[in-house]
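K.L.:
Can you keep this structure in mind? I'll have questions shortly.
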Amino acid sequence: MGSRSRYSAIPPAERLPAWLRRPLGNASELERVQAVVKQERLHTICEEGRCPNRGECYAAGTATFLLGGPICTRSCAFCQVEKGQAPLPIDPAEAERVAQAVERMGLRYVVLTAVARDDQADHGASMFTATMAAIRRRQPLIAIEVLTPDFWGGHRQEPDGQAAQRHRLQQVLAAGPACFNHNLETVERLQGEVRRGATYARSLNLLAAARELAPQIPTKSGLMLGLGETNEEVVATLHDLRAVGCQRLTLGQYLRPSLAHLPVARYWTPAEFERLGAIATTLGFTQVRSGPLVRSSYHAVS
């Protein structure tokens with residue numbers, strides 16, 4: 001409770017700007033997808049994170065499934081997903097239910113993400129591989145992007161946390177995702193406050209290892225803006241991502257889920273997002289999505 005209550009008395013920095021207010025999209029499409037998710041007893045980050053683009057993405061044939069249940073073992077201060085150190089056991093039937101939902105929804109591009117499962121020996125790597133296999137048994141040609149936690153096991157007193165992390169990463173890459181995504185979320189100075197349990201260097205090392213282990217698979221990362229970072233820090237982070245070979249980038253505005261989460265320091269304007277997107281393209285990113293409402297899986301289709 002301590003980490004949640006520390007922000008409860010902090011009001012939002014300012015009113016929500018007009019450019020961040022948008023309708024959810026086609027109501028019937030939202031209801032159809034939500035019904036399938038509910039019937040299959042699944043979770044999507046689209047719903048858990050209240051993504052403003054979910055109607056648009058559903059209509060375009062994309063969705064992001066949240067593996068490993070609704071409880072995360074990390075306590076990131078920005079995230080809507082429920083936290084806890086004793087989540088439910090991983091459901092062995094989850095992979096097949098996701099595959100069935102993908103088929104029922106008629107999706108063309110699937111993004112698989114997961115809560116951090118530091119309670120598991122493999123930190124959830126097998127959830128990704130099992131779900132990819134289940135989807136492809138039904139739809140062999142579907143494209144699957146993975147958005148993974150850092151698979152770090154050092155806090156479990158493993159003899160070599162980095163080697164264990166690399167082994168888990170290798171398992172996921174061997175399953176052949178269309179894209180490997182791991183978010184830095186924010187600039188280096190703010191990592192400790194925003195991403196508790198993760199580190200900037202560890203995430204960069206994961207992205208570098210993905211390029212080394214599977215150079216044919218594009219790598220991707222994303223940042224939320226509005227947590228107190230400076231323009232110079234954002235540009236420096238883009239340079240750091242390119243230095244480890246990261247090829248795809250998302251930049252979006254942080255929106256405070258509740259008063260128990262980190263407050264918004266400021267709202268970046270559409271023009272500022274456009275300018276940062278242009279800088280990213282100049283630096284060599286091959287795919288850039290930069291805008292206030294952009295999220296990790298926004299227009300993810302290659």
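K.L.:
Just for the stretch 177-207: of the residues that are more than 14 Å from residue 148 (Cα to Cα) and among the small types (Gly, Ala, Ser), which one is surrounded by the most Cβ atoms within 10 Å (Cβ to Cβ)?
P.N.:
In this case the residue turns out to be 197.
K.L.:
Scanning the stretch 123-153 for residues that are part of a loop (DSSP other than H, G, I, E, B) and under 19 Å from residue 83 (Cα atoms), which turns out modelled with the lowest pLDDT? Before the answer, list the steps.
P.N.:
Of the residues in the stretch 123-153, the ones part of a loop (DSSP other than H, G, I, E, B) are 123-124, 139-142, 148-153.
Filter once more, so that each one left must be under 19 Å from residue 83 (Cα atoms): 123-124, 148-153.
On the way: 123: 90, 124: 92, 148: 96, 149: 93, 150: 93, 151: 92, 152: 86, 153: 67.
The residue in question is 153.
K.L.:
Something else: In the stretch 210-217, is there at least one residue being free of Cβ contacts under 8 Å to residues at least 60 places away in the same chain and either farther than 23 Å from residue 177 by Cβ or touching an Asp or Glu at 6+ places or on another chain (Cβ under 7 Å) (or both)?
P.N.:
If we filter the stretch 210-217 for residues that are free of Cβ contacts under 8 Å to residues at least 60 places away in the same chain, which is where we start, we get 210-217.
When the remaining residues are screened for being either farther than 23 Å from residue 177 by Cβ or touching an Asp or Glu at 6+ places or on another chain (Cβ under 7 Å) (or both), the result is none.
Scanning the stretch 210-217 turns up no residue that is free of Cβ contacts under 8 Å to residues at least 60 places away in the same chain and either farther than 23 Å from residue 177 by Cβ or touching an Asp or Glu at 6+ places or on another chain (Cβ under 7 Å) (or both).
K.L.:
Out of all the residues in the stretch 163-176, which are in a loop (DSSP other than H, G, I, E, B) and crowded, with 16+ Cβ neighbours inside 10 Å? Explain how you work it out, then say what you get.
P.N.:
Our first condition is that a residue be in a loop (DSSP other than H, G, I, E, B); within the stretch 163-176, this holds for 175-176.
175 - this is the single residue of the stretch 163-176 that is in a loop (DSSP other than H, G, I, E, B) and crowded, with 16+ Cβ neighbours inside 10 Å.
K.L.:
Let me ask something additional. Within the stretch 249-301, track down each residue that is among the basic types (Lys, Arg), without any contact (Cβ under 8 Å) to a residue 60 or more places away in the chain and under 23 Å from residue 204 (Cα atoms). If you could, list the steps in order and put the result at the bottom.
P.N.:
Step one: filter the stretch 249-301 for residues among the basic types (Lys, Arg), giving 256, 266, 275, 289, 295.
With the extra rule that they be without any contact (Cβ under 8 Å) to a residue 60 or more places away in the chain, the set shrinks to 275, 289.
Within the stretch 249-301, 289 is the sole residue that qualifies.
K.L.:
If we scan the stretch 212-226, do we find a residue that is closer than 19 Å to residue 114 by Cα and touching a helix residue (DSSP H, G or I) at 6+ places or on another chain (Cβ under 6 Å)?
P.N.:
Yes, the conditions are met somewhere in the stretch 212-226.
K.L.:
Find the residue count for the stretch 226-251, including only residues that are surrounded by 19 or more Cβ atoms within 10 Å (Cβ to Cβ), assigned to a helix (DSSP H, G or I) and among the hydrophobic types (A, V, I, L, M, F, W, C).
P.N.:
Final tally of qualifying residues: 3.
The values are calculated or read from the model by the stated rules, or taken from the named source; none is laboratory data. Given the structure is predicted, the values throughout are model-derived calculations rather than measurements. Reconstructed Cβ throughout: ideal geometry from the backbone, glycine too, with neighbour counts over all protein chains shown.
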